[in-house]
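Have a look at the structure below before the remarks.
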Amino acid sequence: MYQQRIENVLKNMEAIGLEQMLVCDPPSIFYLTGRWILPNERLLALYLNKNGNHKLFVNKLFTVDGDIGMEKVWFSDTDPGCQIIAGYTDHTKPLGIDKKMAARFLLELMELGAGSGFKNASECVDAARRIKDEDEKAKMILASQLNDQAMERFRGLIKEGVTELEVAAGMNAIYKELGTQGPSFGPLVSFGANAAIGHHKPDGTVLKPGDCVLFDVGCKKNDYCSDMTRTFFYKSASEKGREVYEVVLKANMAAEAAMKPGMKFCEIDKIARDIITEAGYGPYFTHRLGHCIGIEVHDAGDVSATNQDVVKEGMIFSCEPGIYLPGELGVRIEDLVLMTKDGAQRLNFVSKELDIVQ
């Protein structure tokens, strides 16, 4: 499995004229080796070469057990890590660089002449990661199933007098009870006017009748992320709240229904955005329609007005239109979708109908 992933990256490198590359991003190294290494300020690099002479350069402080299909080159804190790497690279060929490589390491490699030139080659890995293999699809589906179970239970946390912080604590406990690795972000919960703030962090705000309650939540399972948003109302929903909700739901469902391989991401964004704009709320849809997801909750790639990339079978991304009225309320409805040859396979099944919690 990991060899096939490496082969996919090598093909992407070949397409842009690269024969060698250094990958420094820990999630990408996990994707290509199955090993999580979090180096903090230390140097970590996976060297890929079209001839297959791959190396993992890793500090002796960390543990990398077992055969990972390539040589491990160890060094200590006092060893010249960049010089060691430069001893293996082909100085006569351009060297692809990961966008996450710290400047202090890149500048030293440039001074050492580790390649004849240096090029940001992260897209070679990012493009491979966007197309999920069967193992990844199964893990993403499971993570979303658990997130659905969690959301059904989060609804029960909506009670008179509760604060956002108290609800957030309950959400974390539920994720633990469900056997997940915990939240993939946040989790985020917003009451009333707080929901009009894009990524409001839970605080001491007390729930009151008539408030919308926005849950933007995800969990990790088997190192893969889920993400979903549902918006409820407590006790009652105003006429404006109902109108906004129905517009957002219409945008969400229309975009998902239209998705198919071969479309551009910007075309999907436009479908949802046009519906919200035609309803008079265009200025209040303040973010892109979605983002890619996998090992990270925000993998490289998005569903936005400026992304001309083509949607391909095997991609997983979010569809999350929203309307945010400052000082009043916010509504967002989000699902994850897996792109199949026949269109979008929705991964979330919690009801999207207007739900007023009593």
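What helices (runs of 4 or more DSSP H) completely inside the stretch 88-157 contain at least 2 residues that are surrounded by fewer than 18 Cβ atoms within 10 Å (Cβ to Cβ) and aliphatic (A, V, I, L, M)? Please lay out each step first, then the result.
Values: elements: 103-111, 122-130, 134-154.
Filter on the stretch 88-157 gives 103-111, 134-154.
Is there any pair linking a residue in the stretch 89-115 that is over 18 Å from Leu10 (Cβ atoms) and free of Cβ contacts under 8 Å to residues at least 40 places away in the same chain to one that is hydroxyl-bearing (Ser, Thr, Tyr) and in a loop (DSSP other than H, G, I, E, B), with Cβ under 6 Å and at least six apart or on different chains, and which?
Filtered contacts from the stretch 89-115: Thr92/Ser116; Ala114/Thr89.
Please count how many residues of the stretch 301-338 are farther than 21 Å from Ile275 by Cβ and either under 18 Å from the mean Cα position of the chain (by Cα) or assigned to a strand (DSSP E or B) (or both).
9
So, in the stretch 175-191, how many residues would count as being modelled with pLDDT of 95 or more and surrounded by fewer than 21 Cβ atoms within 10 Å (Cβ to Cβ)?
7
Table: residues versus (1) touching a Ser or Thr at 6+ places or on another chain (Cβ under 9 Å); (2) of a type in the set (Phe, Trp, Tyr); (3) assigned to a loop (DSSP other than H, G, I, E, B).
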site: Cys266; (1), (2), (3): yes, no, no
site: Arg273; (1), (2), (3): no, no, no
site: Thr277; (1), (2), (3): no, no, no
site: Pro283; (1), (2), (3): yes, no, no
site: Ile295; (1), (2), (3): yes, no, yes
site: Asp299; (1), (2), (3): no, no, yes
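Taking interchain pairs and intrachain pairs at least six residues apart, which have beta carbon atoms under 9 angstrom, with the first residue in the stretch 266-292 and in the same structural domain as Ser318 (by TED's automatic domain parsing) and the second exposed (fewer than 15 other Cβ atoms within 10 Å of the Cβ) and modelled with pLDDT under 95?
What qualifies is Thr286/Gly198; His287/Gly198.
Give me a count of the residues in the stretch 314-331 that are closer than 30 Å to Asp223 by Cβ and either among the small types (Gly, Ala, Ser) or free of Cβ contacts under 8 Å to residues at least 60 places away in the same chain (or both). If you could, list the steps in order and put the result at the bottom.
First pass over the stretch 314-331, keeping only residues closer than 30 Å to Asp223 by Cβ: 314-322.
Adding the requirement that they be either among the small types (Gly, Ala, Ser) or free of Cβ contacts under 8 Å to residues at least 60 places away in the same chain (or both) leaves 314, 317-318, 322.
Qualifying residue count, the stretch 314-331: 4.
Among all residue pairs at least 6 apart or on different chains, which show Cβ distances below 6 Å where the first residue, located in the stretch 59-76, is closer than 16 Å to Pro26 by Cα and in the same structural domain as Pro26 (by TED's automatic domain parsing) and the second is among the hydroxyl-bearing types (Ser, Thr, Tyr) and surrounded by 13 or more Cβ atoms within 10 Å (Cβ to Cβ)?
Ile68/Thr33
Suppose we keep only residues that are of a type outside the set (Lys, Arg) and part of a loop (DSSP other than H, G, I, E, B) within the stretch 16-35. Which one would you say is surrounded by the fewest Cβ atoms within 10 Å (Cβ to Cβ)?
So the first thing to find is which residues in the stretch 16-35 are of a type outside the set (Lys, Arg), and the list is 16-34.
Now drop any that are not part of a loop (DSSP other than H, G, I, E, B), which leaves 16-19, 24-25, 34.
Numbers: Ile16: 12, Gly17: 10, Leu18: 20, Glu19: 17, Cys24: 21, Asp25: 21, Gly34: 14.
By that ranking, first place goes to Gly17.
Hey, Glu160 hits all of (1) farther than 24 Å from Lys50 by Cα; (2) at pLDDT below 95; (3) not assigned by TED's automatic domain parsing to the domain that holds Asp302 but one; which does it fall short on?
Every condition holds for Glu160 apart from (3).
Scan the stretch 5-15 and give yes if some residue there is surrounded by 14 or more Cβ atoms within 10 Å (Cβ to Cβ) and small (Gly, Ala, Ser), otherwise no.
No: the stretch 5-15 contains no residue that is surrounded by 14 or more Cβ atoms within 10 Å (Cβ to Cβ) and small (Gly, Ala, Ser).
Of all strands (runs of 3 or more DSSP E) completely enclosed by the stretch 36-80, which ones contain at least 2 residues that are more than 22 Å from Ala121 (Cα to Cα)?
Counting at least 2 such residues, we get 71-75.
Starting from the stretch 14-30, keep only residues that are at positive phi, then list their pairs with residues that are modelled with pLDDT of 95 or more and in a loop (DSSP other than H, G, I, E, B) whose Cβ atoms are within a distance under 9 Å, requiring at least 6 positions of separation or different chains.
As it stands, the answer is Gly17/Pro94, since those pairs meet every condition given.
The values are calculated or read from the model by the stated rules, or taken from the named source; none is laboratory data. Predicted model only: the values in this text are computed from it and were never measured. Counting neighbours? That spans all protein chains shown, and the Cβs are built from the backbone with ideal geometry, glycine included.
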